[in-house]
Amino acid sequence: MDIFTNNESELEQKLIDVRRNLHQEPELSNEEVKTTLKIRKWLEEANIPILDLPLKTGVIGEISGNADGPIIAIRADIDALPIQEQTDSSFQSAVPGVMHACGHDFHTAVILGAAYLLKKRQENLKGTVRILFQPAEETGHGAKSILASKGLDNVQAIFGLHNDPLSELGILGIKEGVLTAGVDRFEIEVKGKGSHAAKPEEGIDPIVIAAEIISRLQSIVSRETKSSESVVISVTQIHGGNTWNVIPESVYLEGTVRTFKEEIRETIPAKIERVLNGVAASYGGEARLIWHPGPPSVQNDKEWTHFAKRIAVQNGYKVVEVEPTAGGEDFAFYQQKIRGAFVNIGVAGEYGLHHPKYYLNEEAILPASYYFADIAEQALIELYGKTLSGHYIPQI
């Protein structure tokens, strides 16, 4: 098929086929080798140059009009989740225990479609668009590998998306400022002294210590955080013991912390350690915190948020102001370096993200591709004009 046909239905079918192909062969974070090869092939078919970067997985294509103009980027993520699909679709995952339950296959198809549309408009582009297909978003650190590769050097604005299966087609959600939470992971190792379950006085019970730690951690939320602020501390795993009549030596806990303000986020590890040390010492045991910092919160730039809203209205979307979500998104790492905006696009599903029965309405793909093509083209015009007038200072 001629990718650059004027027949919209053919382009739409091409993008639906791309999405279904990816859905059938999902790959986990940092394992997206086949996915990367497919994306490279689809870009090469359209004669879109690919940057030569030190990336194990992931791709950045580039479309240049005025090579001396500004550079912007549009981003999709490409990894899947360790979830067994439970849908009855004809193109369900063929990989046991792995599924595109977060819709990254949709994101990839949308941004690929935008690339195809931008290629048709190449001669009129006032600068360069980098088409970013990022690995390992689900680990919270894939964006760091892209930044380290230098693939976004000199980029002056960046735009990304996530699908929202619980919003209808034609809905675009966005807000200025904080959009997602900062996401951190923790592990806790509790050490006691093993003994016979009938003689607990001869040991130090790490299960009792762990139980009190779990309860006391919530006091950080309820008694050490202003009621007007949001902190979520969730213990999501607990492992200890291997039989019914033995008190074990140790217990392992794992969980996550979600915060919206960096100044609050920075205080949490010390508060957790204080709880661990106090509770463990009161029983004569020990507890150790292992902290894994993840992405900060997505912070949408004021000007680019208003710009993204305007382009959305021009494209027929109904724009709604969304509430911040405690979910995480490593797009935030880009925004620490580059101004930009992140949007949610309704895909009219029935089940939420990360659900084994997750699905989406594929009619959302082509309109979103046009939206991101227009965002890219118009952002270059905005930046080009500001650069000429001397009012714009690049971020990096």
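Check whether at least one residue in segment 52-67 is part of a helix (DSSP H, G or I) and at pLDDT 95 or above, and report yes or no. Show your work before the answer.
To start, the set of residues in segment 52-67 that are part of a helix (DSSP H, G or I) comprises none.
No; the residues of segment 52-67 include none that is part of a helix (DSSP H, G or I) and at pLDDT 95 or above.
Against the conditions (1) more than 17 Å from residue 327 (Cα to Cα); (2) under 30 Å from the mean Cα position of the chain (by Cα); (3) outside any helix (DSSP H, G or I); (4) in contact (Cβ under 8 Å) with a residue 40 or more places away in the chain, where does residue 256 fall short? Just the number, please.
Every listed condition holds for residue 256 apart from (1).
What residue, among those in segment 290-322 that are of a type in the set (Gly, Ala, Ser) and not in a loop (DSSP other than H, G, I, E, B), is farthest from residue 365 (Cα to Cα)? Show your work before the answer.
To start, the set of residues in segment 290-322 that are of a type in the set (Gly, Ala, Ser) comprises 294, 297, 308, 312, 316.
Now restrict to residues that are not in a loop (DSSP other than H, G, I, E, B): 308, 312.
Details: 308: 18, 312: 14 Å.
Once the filter is applied, the top-ranked residue is 308.
Could you please give the count of residues in segment 351-373 that are assigned to a helix (DSSP H, G or I) and either of a type in the set (Asp, Glu) or surrounded by fewer than 17 Cβ atoms within 10 Å (Cβ to Cβ) (or both)?
The initial filter retains those residues of segment 351-373 that are assigned to a helix (DSSP H, G or I), namely 362-373.
From what's left, either of a type in the set (Asp, Glu) or surrounded by fewer than 17 Cβ atoms within 10 Å (Cβ to Cβ) (or both): 362-363.
Summing the residues that are assigned to a helix (DSSP H, G or I) and either of a type in the set (Asp, Glu) or surrounded by fewer than 17 Cβ atoms within 10 Å (Cβ to Cβ) (or both) in segment 351-373 gives 2.
If you check every pair at least six apart or on different chains, which have Cβ atoms under 6 Å apart with a residue in segment 268-291 that is over 16 Å from residue 211 (Cα atoms) first and a residue that is aliphatic (A, V, I, L, M) and crowded, with 17+ Cβ neighbours inside 10 Å second?
As it stands, the answer is 268/257; 271/220, since those pairs meet every condition given.
Name the single residue that is surrounded by the fewest Cβ atoms within 10 Å (Cβ to Cβ) among those in segment 174-219 being acidic (Asp, Glu) and in a helix (DSSP H, G or I).
As a first pass, look at segment 174-219 and keep what is acidic (Asp, Glu): 176, 184, 187, 189, 201-202, 205, 212.
Within this subset, residues satisfying the condition of being in a helix (DSSP H, G or I) are 201-202, 212.
Working: 201: 7, 202: 11, 212: 17.
So, considering only residues that are acidic (Asp, Glu) and in a helix (DSSP H, G or I), the one surrounded by the fewest Cβ atoms within 10 Å (Cβ to Cβ) is 201.
Go through (1) under 21 Å from the mean Cα position of the chain (by Cα); (2) farther than 19 Å from residue 108 by Cα; (3) open to solvent by 40 Å² or more (accessible area, probe 1.4 Å) and name the single condition residue 33 misses.
Going through the list (1) under 21 Å from the mean Cα position of the chain (by Cα); (2) farther than 19 Å from residue 108 by Cα; (3) open to solvent by 40 Å² or more (accessible area, probe 1.4 Å), residue 33 breaks only (2).
Of the residues 272, 290, 268, which single one is at pLDDT 95 or above and open to solvent by 20 Å² or more (accessible area, probe 1.4 Å)? Give the steps one after another, and end with the answer.
Numbers: 272 fails: open to solvent by 20 Å² or more (accessible area, probe 1.4 Å); 268 fails: open to solvent by 20 Å² or more (accessible area, probe 1.4 Å).
Answer to the selection: 290.
In this structure, is residue 94 in a loop (DSSP other than H, G, I, E, B), open to solvent by less than 10 Å² (accessible area, probe 1.4 Å) and either free of Cβ contacts under 8 Å to residues at least 24 places away in the same chain or over 30 Å from residue 154 (Cβ atoms) (or both)?
Details: in a loop (DSSP other than H, G, I, E, B): yes; open to solvent by less than 10 Å² (accessible area, probe 1.4 Å): no; either free of Cβ contacts under 8 Å to residues at least 24 places away in the same chain or over 30 Å from residue 154 (Cβ atoms) (or both): yes.
No; evaluated as a whole, the condition is false for this residue.
Would you please list the contacts, defined by Cβ atoms under 7 Å and residues six or more apart or on different chains, that run from a residue in segment 186-200 that is of a type in the set (S, T, N, Q) to a residue that is at pLDDT 95 or above and open to solvent by less than 70 Å² (accessible area, probe 1.4 Å)?
Within 7 Å, the pairs are 195/203; 195/247.
Listed here are the residues, each with its yes/no results for (1) more than 19 Å from residue 269 (Cα to Cα); (2) at pLDDT below 95.
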position	(1), (2)
223	no, yes
226	no, yes
230	no, yes
233	no, no
241	yes, no
247	yes, no
252	no, no
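The values are calculated or read from the model by the stated rules, or taken from the named source; none is laboratory data. Everything quoted here is computed from the prediction, not taken from an experiment. Here the Cβ is made from the backbone with ideal geometry for all residues, glycine too, and neighbour counts use every protein chain on show. With ligands, DNA and RNA removed, areas are computed over all heavy atoms of the protein, side chains included. Shrake-Rupley method; radii C 1.70, N 1.55, O 1.52, S 1.80 Å.
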